[in-house]
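The values are calculated or read from the model by the stated rules, or taken from the named source; none is laboratory data. Since this is a predicted model, take the numbers as computed values, not measurements. Cβ sites come from the backbone with ideal geometry, for glycine too, and all protein chains shown count toward neighbours. Heavy atoms of the whole protein, side chains included, go into the accessibility calculation; ligands, DNA and RNA do not. Shrake-Rupley method; radii C 1.70, N 1.55, O 1.52, S 1.80 Å.
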2 protein chains.
Amino acid sequence: MNYSITETSRLTGLSKYTLRYYEKEKLIPKVKRDSKGYRVYTKQDIEWLTFLLNIRQTGMSINKIKQFSQMRFKAETISIRRKMLLEHKENIIEQEKKIQKSMAAIEAKIARYDRYTQLQTEQKNVNMY
Amino acid sequence: MNYSITETSRLTGLSKYTLRYYEKEKLIPKVKRDSKGYRVYTKQDIEWLTFLLNIRQTGMSINKIKQFSQMRFKAETISIRRKMLLEHKENIIEQEKKIQKSMAAIEAKIARYDRYTQLQTEQKNVNMY
DNA sequence: CCTTGCGTTATAGTGCACTCTAAGCTGTAT
DNA sequence: ATACAGCTTAGAGTGCACTATAACGCAAGG
């Protein structure tokens with residue numbers, strides 16, 4: 001149920017540096033400590049980090065995530081948090097469009113390369129006979 | 001058929017600064033100049049920039065784009081360029097997966113918010129009667 | 001006792017992708 | 001003549017998100 005920083009790093013894929021950085025930047029609440037002063041991450045911490053990772057990896061800035069995270073335990077902020085997530089969803093949809101465009105452009109270029117290569121090969125074959 | 005830096009900026013959405021930067025970094029070949037020494041972008045320049053923008057916006061690094069661009073006029077590099085594009089395509093597919101995960105996580109959270117808000121509203125209604 | 005391993009902190013450094021500044025040039029308009 | 005618009009350059013500066021360093025603490029094992 002509880003995890004050291006090394007375990008948490010392994011579980012989330014975030015480096016230890018990043019875990020400490022996120023805490024300092026208040027993306028996660030102050031993590032509990034053991035008798036040695038070592039960080040002890042709870043299941044809920046892991047879950048929160050996992051959620052943050054999702055929105056981080058799709059481009060929400062540290063600053064926005066910070067704002068979002070700071071509202072976490074205030075029920076009256078739900079509508080703001082909701083709005084932020086909807087806004088991010090819009091960004092994600094934009095990203096998806098860019099991905100589609102990029103995919104098409106890449107495939108067109110590869111097709112061009114292949115046509116060219118095919119031509120060269122045929123040319124060689126002609127020369128052979 | 002030919003465009004000033006301002007027009008090119010408007011056409012591509014890249015700032016003038018970025019256009020000069022991309023040229024300095026060799027993402028595009030040296031742009032032609034007019035009698036005043038001003039840049040003159042051709043239709044082909046615009047097309048190349050548009051393609052670069054596609055792969056840039058889906059996260060290919062300036063450095064990779066530079067490598068790719070430098071091979072542009074060497075027929076014998078086609079297979080390398082092809083490989084680079086396929087690799088980028090893989091990255092894009094990974095991004096898409098992250099987007100799907102993030103989308104699901106956001107929707108789940110919004111659903112949670114809505115359930116909570118709904119509960120609060122019902123509570124109020126109970127108190128009213 | 002001391003080395004090893006695992007953590008702690010504050011603070012500095014890195015890499016990336018721009019973005020801006022300062023000083024200068026050229027041709028047209030007032 | 002001079003002001004203005006639009007460009008040029010080299011090089012400095014910015015913001016972001018980490019990433020690393022240095023110096024230290026603690027406790028278990030040889």
Once phi is turned into θ = phi - 60°, what whole-Hz ³J(HN,Hα) does the Karplus curve with 6.51, -1.76 and 1.60 give for every residue of the stretch B:43-50, x standing for Gly and Pro?
3, 5, 4, 4, 5, 5, 4, 5
How big is D, in µm² s⁻¹, for chain A by Stokes-Einstein at 20 °C and 1.002 mPa s if Rh is the Kirkwood radius over C-alpha pairs?
117
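Hey, what number do you get for chain A at 222 nm if only DSSP H runs of n ≥ 4 count, each worth -39500 (n - 2.57), divided across all residues, to the nearest 500?
Values: 5 runs with 92 residues, N = 129.
So the helix-based figure for chain A works out to -24000 deg cm²/dmol.
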Between copies, how close do the A:Lys26 label points come, placed 7 Å along Cα→Cβ, listed in nm from shortest?
4.7
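Counting only protein heavy atoms and a 1.4 Å probe, tell me what percentage of the stretch B:2-73's accessible area is made up of carbon and sulfur. Let's see the in-between values first.
Numbers: 2110 of 4310 Å².
Heavy-atom surface of the stretch B:2-73 belonging to carbon and sulfur, 1.4 Å probe: 49 percent.
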Specify which residue in the list A:Phe73, A:Ser15, A:Ile55 is farthest towards the positive end of the charge dipole of chain A, using unit charges on the beta carbon of Lys, Arg (+1) and Asp, Glu (-1), about the Cα centre.
A:Phe73
Rounded to one decimal in nm, the spacing of the 7 Å Cα→Cβ label points at B:Arg33 and A:Lys97 is 3.9
Using a label point 7 angstrom from Cα along Cα-to-C-beta, what distances in nm, from shortest up, separate A:Glu94 from the other copies?
2.4
Please identify every one of the GluC sites (Glu not before Pro) in the stretch B:1-45 that sits in a loop by DSSP and has no more than 14 other beta carbons within 10 Å of its own beta carbon.
B:Glu25
If labels are modelled 7 Å from Cα along the Cβ direction, A:Arg10 lies from its partners in the other copies at nm distances, smallest first, of 5.9
For the protein assembly as shown, give the magnitude of the charge dipole about the Cα centre (Cβ charges: +1 Lys/Arg, -1 Asp/Glu; no others), in debye to the nearest 20.
820
Protein-protein interface of the stretch A:80-112, residues with accessible area decrease of at least 50 Å², isolated chain reference, 1.4 Å probe:
A:Arg82, A:Leu85, A:Lys89, A:Ile92, A:Glu96, A:Lys98, A:Ile99, A:Ser102, A:Met103, A:Ile106, A:Lys109, A:Ile110
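Take peptide A:54-61, look around each residue's Cβ out to 10 angstrom, count Cβ atoms belonging to other protein chains, and average those counts.
Details: counts 9, 4, 2, 7, 9, 5, 2, 0.
For peptide A:54-61, the averaged partner shielding equals 5.
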Solvent-accessible area buried by pairing B with A, both sides, nearest 100 square angstrom, 1.4 angstrom probe
3200
Can you give me the Cα centroid spacing of the stretch A:14-49 and the stretch B:91-115 in angstrom?
23
Can you pull the mean other chain C-beta count within 10 Å for peptide A:10-19?
0
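How much accessible area per residue does the stretch B:2-73 have, in Å², with a 1.4 Å probe? Write out the running numbers ahead of the final one.
On the way: 4310 Å² over 72 residues.
Dividing the accessible area of the stretch B:2-73 by its residue count gives 60 Å².
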With a Förster radius of 22 Å, plug the Cβ-Cβ distance of A:Thr42 and B:Asn125 into 1/(1 + (r/R0)^6) and report the FRET value to the nearest 0.05.
0.05
